[in-house]
Ligand SMILES: [Fe+2]
């Protein structure tokens, strides 16, 4: 794996309702992560406006719909549009999730867990290979939140992630909030998980807050980052060559100052522990 | 091996409530209709039913939330409706894979669903039709790739013709409205209604027929909305590229019950400046 990606600092997920505040606080935000799927089918004016914003911040494309774990080739049109978009934004890397979101005649439209089996490792590796045939830009895979594991797995999630990252030589986008949520919902030690994956491949980190409901934590990106997540972040920054930390916030927006305060905490951790 | 078949089953069961209930009652009989290995069948039958239901419910909520991003004011009006709207929407509109923006697609499917409920009188709110139609036009015209292309094309064409667009030329050519412009009638003053709803107020308005022209601003992110009167709406609707301005004016005169020269002349002097303005703002163009 090529570890020469630049350090991009501490960034915020670009969301339309936050646009004005983001522009008013340019000096406090090091980069923006943009949801690829919101642009690859968009009108050209919307993409132009984003690229205009990109004159003030590095942009990093992050996809949600590639469905890298579906046992069929990645949709070639989707992939070509994604790669074109990545080129336009000049992102130092791009990412999507280690999951599946669709099958031939159904669009689940959410990040759904894979079965941790040898066969599934092969499926993902084959699809990542296809992605890499389209572009040389580093492609990162992100761990997801899942509420139920698919039973009779042949390996743990950590082994599954490790096998795929090593076999594909991909970097990882480690969502520390997802690690925390899964550790609570599924009952495992988050640090044991982290010690079992190739942390040296972690290029980017996500932080966010979830919502407790019906006895589980849901990954809503709708609340403040919890103490547990800050603690996991410190561990990851200390032990992985993290290039960027990204705050995801999608709903139940607080004041923008609250978001800036969270970015500051992340920046202090980044400076102190990396 | 049949991983894809397993994923297809999971997708179906997660997004189809009836099938999900059947699966959770008796996973083996649902699995039988898919080509799965014994181990895959066994795995699926052991899935935590409670967690599975929580996830499936979040998928339903997620679909409607995504659609409602395009309809924030409609969402407010809908909050008064109650009823199992989310489940019904998901049941009647299975999520098919599409090669377009997920949000755009979900929003338009949701619009069609609600529009049908409004048309069949199943919704209570008197404002719903207006607010839904208002937001649909803002969203669709603002985000559709074809409307974007149409507005740019019209702007380019009109730059070429605008300097030579004399009254004679206009009368002798066929005006045509672009796909990026829409005229819509409303039962209430929808601008006032939208402003009040945006302040989270549920207003009590009297009926007031209102006509709006929506048009995509060429080469920019944005929609222009203008209040127009009923006659202008009729004039714009007649700009369909099939007849010359002259013929449109005669038809309008006939609508007034006369084709006298005076009436046509009055209409001509009233309508040509409007058409010129519509051309300048690229709502329409003229064809030979
Ligand atoms: Fe994430």
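Coordinate-derived values only; no laboratory data. On a predicted model such as this, the values are computed, not experimentally measured, just so you know. When we count neighbours, we look across all protein chains shown, and the Cβ atoms used for this are built from the backbone with ideal geometry, even at glycine.
Under a point spin-label approximation (7 Å from Cα along Cα-to-Cβ), what is the residue B:126-residue B:159 distance to one decimal in nm?
The modelled label-to-label distance comes out at 4.8 nm.
In what sequence do A:219, A:90, A:30 fall when counting other Cβ within 10 Å, fewest first?
Ordered by Cβ neighbours within 10 Å, fewest first: A:90, A:30, A:219.
Kindly provide the pair-distance distribution of segment A:147-274 built from C-alpha pairs, with 10 Å bins from 0 and whole-percent values in order of increasing distance.
Whole-percent P(r) values from 0 Å outward: 12, 42, 35, 10, 1.
What's the center-to-center distance, using Cα atoms, between segment B:103-147 and segment B:13-35 in Å?
33
Computed over the Cα atoms, what is the radius of gyration of segment B:129-287 divided by 2.2 N^0.38 Å, N being its residue count?
For segment B:129-287, the normalised Cα radius of gyration is 1.12.
In deg cm²/dmol and to the nearest 500, what is the mean residue ellipticity at 222 nm of the protein assembly as shown if only DSSP H runs of at least 4 residues count, each as -39500 (n - 2.57), divided by the residue total?
Mean residue ellipticity at 222 nm (helix-derived): -15500 deg cm²/dmol.
What is the calculated FRET efficiency for residue A:122 to residue B:288, with r their C-beta to C-beta distance and R₀ = 56 Å, to the nearest 0.05?
0.35
Helix B:49-68 versus the longest principal axis of chain B: what is the Cα-based angle in degrees, 0 to 90, to the nearest 10?
Between helix and principal axis, roughly 0 degrees.
If I stretch the segment between residue B:266 and residue B:86 completely, what's the gain in nm (0.36 nm per residue apart, minus their alpha carbon distance), one decimal?
My answer for the length gained is 59.5 nm.
How large is log10 of I(q)/I(0) for the protein assembly as shown at q = 0.10 Å⁻¹ when the intensity is taken from the Debye formula with one equal scatterer per alpha-carbon?
Normalising to I(0) and taking log10 leaves -0.92.
Quick one: what does P(r) look like for chain A with 5 Å bins over all Cα pairs, in whole %?
1, 6, 13, 18, 20, 19, 14, 8, 2, 0, 0
Determine the shielding of peptide A:142-150 by partner chains: average, over its residues, the number of Cβ atoms on other chains within 10 angstrom of each Cβ.
Average per residue, whole number: 4.
On a 0 to 90° scale, report how tilted helix B:145-161 is relative to the longest principal axis of chain B, with both axes built from alpha carbons and the result rounded to the nearest 10.
Relative to chain B, helix B:145-161 is tipped by roughly 20 degrees.
Tell me, in nm to one decimal, what length is gained between residue A:223 and residue A:192 on full extension, where the rule is 0.36 nm per residue of separation less the Cα-Cα distance?
8.6 nm
Quick one: Cα centre-to-centre distance for segment A:197-274 and segment A:65-80, in angstrom?
28
Taking Cα atoms, how many degrees apart are the long axis of helix B:3-15 and the longest axis of chain B, rounded to 10 and kept between 0 and 90?
It is inclined by approximately 70 degrees.
Rg(Cα) of segment B:1-47 divided by 2.2 N^0.38 Å?
1.00
At q = 0.08, 0.13 Å⁻¹, what log₁₀ I(q)/I(0) does chain B have when each alpha carbon counts as one equal point scatterer in the Debye sum?
For chain B at q = 0.08, 0.13 Å⁻¹, log10 I(q)/I(0) is -0.51, -0.96.
Show me the three semi-axes of the equivalent ellipsoid for segment B:1-97, from the C-alpha gyration tensor (sqrt of 5 times each eigenvalue), largest first, rounded to whole Å.
That gives 31, 13, 10 Å for the three semi-axes.
Can you sort A:230, A:93 by how many other beta carbons sit within 10 Å, fewest first?
In order of increasing Cβ crowding within 10 Å: A:230, A:93.
With all distinct Cα pairs included, what does the Kirkwood hydrodynamic radius of segment B:79-210 come out to in Å, to one decimal, could you say?
The Cα-based Kirkwood calculation yields 17.9 Å.
If you count, for every residue in B:206-217, the Cβ atoms of partner chains within 10 Å of its Cβ, what is the mean?
0
Provide A:89, B:242, A:203 in ascending order of the number of other Cβ atoms located within 10 Å of each residue's Cβ, fewest first.
Fewest-to-most Cβ neighbours within 10 Å comes out as B:242, A:89, A:203.
Going by average Cβ neighbours within 10 Å, how do the peptides A:237-248, A:48-59 rank, with the highest at the top?
A:237-248, A:48-59
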